[in-house]
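Visitor: Questions regarding the structure given below will be posed in turn.
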Amino acid sequence: MGNLRKSNSKLLNLILSLIAFLWMVPFLYVLINFPKGQVEYNQGDFWSLPKGFSIGESLDYINGKINLFAGMENSLLYGIVAGVIAILISALAAYGLTKLKLKGSFYWFLLIYAGTIFPFQMYLVPVYRGYLTTGLYDTQLGMILFYVAISVPFCTFVLRNFFQGVNDDMTEAAKIDGATDFNIFYRIFLPMSKAPISALFLFQFSFIWNDLLFGLTFSQSESVRPVMPVLSILSGTTVGGSTSTPAVLLACLIASIPTMIIYFLLNRNFEEGFVMTSK
């Protein structure tokens, strides 16, 4: 039995190592090729190390075609604001559905979660027409409202499951001490939810940051358009019949920095939150 477990463990480690290697290949490709100039990239091998750094050439190409940092600012606004609002609404809903003993709470949950039943693409036409009618099309407010609405069902699902695992004795003890429902939510449940909230924020921020479909559909001006539609414009432009691939790789690398920063900032909350919930 012991030998079998060791064999299974070695096989699992081998599979995970292979998956990690395959995941790293595109990243290594970007790191090797983004410093190259277009001529060096076309004439050399994909995996050959760069002979020099032609980042200035790539930056000039990017700045001449798109306003990358304006798109990043827009996506940063949408990701942070919409993510925080969606999680706050979902946390309140999950707390009410699990701890306030609302009548028909399960059916209210089904109504909220029904937003994930249909493919997101089905929302494009009705939301687009509604935005044209209400004047929300091509506005930052319209983008934030849409991202909040589309994020609430999944966040509510995750937090509801988490709150259901919290012992009711803690809530009853707090009520005996005179705490209101909101104080219990704010002082007990939110601190205990640090790990799932951090994971949800990272997930929702990444989803909003990497969104292409809705950004293309609901925005058109430079002051509103998110970063991924902006990058799609860059990769679709041509100079002399070809796109500057190193410039596109550099732009993608720059655009990935905020997501990595947020991951490292929230990584500590995962461990602290899980330790708190295990006490």
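Visitor: I need the full set of residues from region 147-178 which are aromatic (Phe, Trp, Tyr) and either outside the structural domain of GLY71 (by TED's automatic domain parsing) or modelled with pLDDT of 95 or more (or both), in order please. Even if it seems obvious, please write down each step before you answer.
Guide: Let us first name the residues in region 147-178 that are aromatic (Phe, Trp, Tyr), namely 147, 154, 157, 162-163.
Of everything in region 147-178, just one residue is aromatic (Phe, Trp, Tyr) and either outside the structural domain of GLY71 (by TED's automatic domain parsing) or modelled with pLDDT of 95 or more (or both), namely TYR147.
Visitor: Let me ask something additional. On the given criteria, is GLU271 more than 18 Å from ALA86 (Cβ to Cβ), at pLDDT below 85, assigned by TED's automatic domain parsing to the domain that holds SER75 and charged (D, E, K, R)?
Guide: Values: more than 18 Å from ALA86 (Cβ to Cβ): yes; at pLDDT below 85: yes; assigned by TED's automatic domain parsing to the domain that holds SER75: yes; charged (D, E, K, R): yes.
So GLU271 passes the test.
Visitor: Let me ask something else about it. Looking at region 28-48, I want the residues that are over 14 Å from TYR61 (Cβ atoms) and have a partner that is loosely packed, with under 15 Cβ neighbours inside 10 Å and among the β-branched types (Val, Ile, Thr) with Cβ atoms under 8 Å, at least 6 apart or on another chain. Which pairs are those?
Guide: Close Cβ pairs (under 8 Å, with a partner that is loosely packed, with under 15 Cβ neighbours inside 10 Å and among the β-branched types (Val, Ile, Thr)) do not exist here.
Visitor: Still on this model: Could you pull out the residue among LEU102, LEU92, LEU77, LEU124 that is surrounded by fewer than 18 Cβ atoms within 10 Å (Cβ to Cβ), free of Cβ contacts under 8 Å to residues at least 40 places away in the same chain and either part of a helix (DSSP H, G or I) or assigned by TED's automatic domain parsing to the domain that holds PRO226 (or both)?
Guide: Numbers: LEU92 fails: free of Cβ contacts under 8 Å to residues at least 40 places away in the same chain; LEU77 fails: free of Cβ contacts under 8 Å to residues at least 40 places away in the same chain; LEU124 fails: free of Cβ contacts under 8 Å to residues at least 40 places away in the same chain.
That would be LEU102, the only listed residue that is surrounded by fewer than 18 Cβ atoms within 10 Å (Cβ to Cβ), free of Cβ contacts under 8 Å to residues at least 40 places away in the same chain and either part of a helix (DSSP H, G or I) or assigned by TED's automatic domain parsing to the domain that holds PRO226 (or both).
Visitor: Looking at this structure, is ILE85 assigned to a helix (DSSP H, G or I), assigned by TED's automatic domain parsing to the domain that holds SER232 and not acidic (Asp, Glu)? Before you say what the answer is, go through the steps one by one.
Guide: Details: assigned to a helix (DSSP H, G or I): yes; assigned by TED's automatic domain parsing to the domain that holds SER232: yes; not acidic (Asp, Glu): yes.
In short, yes.
Visitor: Right, something else. Taking the condition surrounded by 13 or more Cβ atoms within 10 Å (Cβ to Cβ) and out of contact with any Ser or Thr (no Cβ under 6 Å at 6 or more places or on another chain), does GLY115 pass? If you could, list the steps in order and put the result at the bottom.
Guide: Values: surrounded by 13 or more Cβ atoms within 10 Å (Cβ to Cβ): yes; out of contact with any Ser or Thr (no Cβ under 6 Å at 6 or more places or on another chain): yes.
Taking the combined requirement at face value, the residue satisfies it.
Visitor: Please work out which one of (1) surrounded by 15 or more Cβ atoms within 10 Å (Cβ to Cβ); (2) in contact with a helix residue (DSSP H, G or I) (Cβ under 9 Å, 6 or more places away or on another chain); (3) more than 15 Å from THR243 (Cβ to Cβ) is the condition ILE32 fails and give its number.
Guide: All conditions pass for ILE32, except number (2).
Visitor: Now a separate question. Within region 22-56, how many residues turn out to be at pLDDT below 85 and over 16 Å from LEU253 (Cα atoms)?
Guide: Going through region 22-56 one residue at a time, the tally reaches 15.
Visitor: Just one of LEU265, LEU234 is in the same structural domain as TYR147 (by TED's automatic domain parsing) and either modelled with pLDDT of 90 or more or touching a helix residue (DSSP H, G or I) at 6+ places or on another chain (Cβ under 8 Å) (or both); which is it?
Guide: On the way: LEU265 fails: either modelled with pLDDT of 90 or more or touching a helix residue (DSSP H, G or I) at 6+ places or on another chain (Cβ under 8 Å) (or both).
On inspection, the qualifying residue turns out to be LEU234.
Visitor: Shifting gears a bit: Among what's in region 70-118 and is more than 19 Å from the chain's Cα centre (by Cα) and of a type in the set (Gly, Ala, Ser), pick the residue that is nearest to ALA174 (Cα to Cα).
Guide: GLY96
The values are calculated or read from the model by the stated rules, or taken from the named source; none is laboratory data. Keep in mind it's a predicted model, so treat the numbers as computed, not measured. We place every Cβ from the backbone using ideal geometry, glycine too, and count neighbours over all the protein chains shown.
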